[in-house]
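Just so you know, all these numbers are worked out from the coordinates, no wet-lab data involved. Computed from a prediction, not measured in an experiment: that's the story for all the values here. Please note: Cβ atoms are built from the backbone with ideal geometry, for glycine as well, and neighbour counts cover all protein chains shown.
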Amino acid sequence: MTDTVLDRVSWTRRRDAHAARVDQLVDGHLERRRRGEAHPVADFLFTYYAYRPAQLRRWHPGAGVLLAGADPASWGRDYRAVPVTGGTAVTVDTAGLLARRGELIARVRDLLVRTAGRPGHFGCFGLHEWAMVYRQPAAEVRHHRWPLRMSPADIAAFVDSQRIRCSHFDAYRFFTPAARPLNLLTPQRSTQADFEQPGCLHANMDLYRYAFQLSPLVDGELVVDCFELARDIRDLDMRASPYDLRELGYPPVRIETAQGRTAYVTAQREFAARAAVLRERLVERIARFAEFATPNQLS
């Protein structure tokens, strides 16, 4: 890997632009949190994924980038000081991170590559959200404070009329007990890499998870790019759900109609195209810093 040296003006500009970008993305969530309010759509990325707004806001240059004139003490244990012409610079401690996280990185790389190598499936129509409320008592519905677009009986009848083919374990595991036998697949955590496919909304949303898990080896800009994709996917996910969220500004994508299914697939394909680019960027980043690995670290 050829190191890139950024002078103080350059890296400070990138750091500040990153912080301003994230502030626009997280301010609504933080304000709601201060007021003790919950949002069934916009809060998901902050409650489901174990990455706090403050962590997202912190910029990382990525492996192989040297920050000239930076103070090592302000960057933490994942960074180290190195000599450069005219002084010192700070850079990600790639070797140390690979030693600590080699197994995780290898697993993420395998999952990303295998997912990218499969054809996308675009016939699920977001039925996972319907399966999460299928024949469930009203008090146990996850977003029970918000109305459903159909009666529980009509939801059950619609689900019964469909072929559910959910390939994503973290969606499938939230199916109601009555809905699980209806799924044509039985994804498990241990077989996740055997099931993930690039048309899946949740597999593409999870690129955000893999990006922040690889941080600070990947740059902060890529993490936020993945966050923005996940945010947009979440909007479709809930608009296509059985919840009525028009009061919050989310018109439904009525997958119970032919027109709604067409709209869903169109959006799903657009998200898959965006995700393919980000998945490739993540794999490229891993290949770049993997040059520092010893033979057994990423095996």
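Here is how the numbers come out for the structure above:
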| item | result |
| --- | --- |
| Spin-label pair residue 161/residue 244, simplified geometry with 7 Å Cα→Cβ offset, distance in nm | 1.9 |
| Computed over the range 114-261: relative contact order in percent, which uses C-alpha pairs under 8 Å that are six or more apart | 30 |
| Antiparallel DSSP beta bridges within the chain, as percent of all bridges there, nearest 5 | 70 |
| Max mean-square fluctuation residue, GNM over the chain, Cα-Cα springs under 10 Å, options 27, 219, 235 | 27 |
| Under the span-like rule (Cα at least 30 Å along the axis, Kyte-Doolittle mean at least -1.0), DSSP H helices of the chain | 258-289 |
| Choice from 69, 86, 120 with maximal GNM fluctuation in the chain (Cα, 10 Å cutoff) | 86 |
| Angstrom value of the Kirkwood radius, inverse mean 1/r, which spans all Cα pairs in the range 89-177 | 16.6 |
| Residues whose placed amide H lies under 5 Å from that of residue 4, excluding near-sequence neighbours | 65, 66 |
| Simple Cβ-charge dipole of the chain, Lys/Arg +1 and Asp/Glu -1, about Cα centre, in debye nearest 20 | 300 |
| For the range 124-140, Karplus couplings with θ = phi - 60° (6.51, -1.76, 1.60), whole Hz, Gly/Pro x | 7, 6, x, 5, 4, 5, 5, 5, 7, 10, 4, 6, 9, x, 4, 5, 9 |
| Ratio of Rg to Rh over the range 23-113 (Cα coordinates, Kirkwood Rh, two decimals) | 1.10 |
| Formal net charge of residues neighbouring residue 49 (Cβ-Cβ distance under 12 Å; K, R +1; D, E -1) | +1 |
| Difference of contour (0.36 nm per residue) and Cα-Cα distance, residue 43 to residue 170 | 44.0 nm |
| Sequence-distant residues sharing a close amide H with residue 243 (under 5 Å, placed H) | 149 |
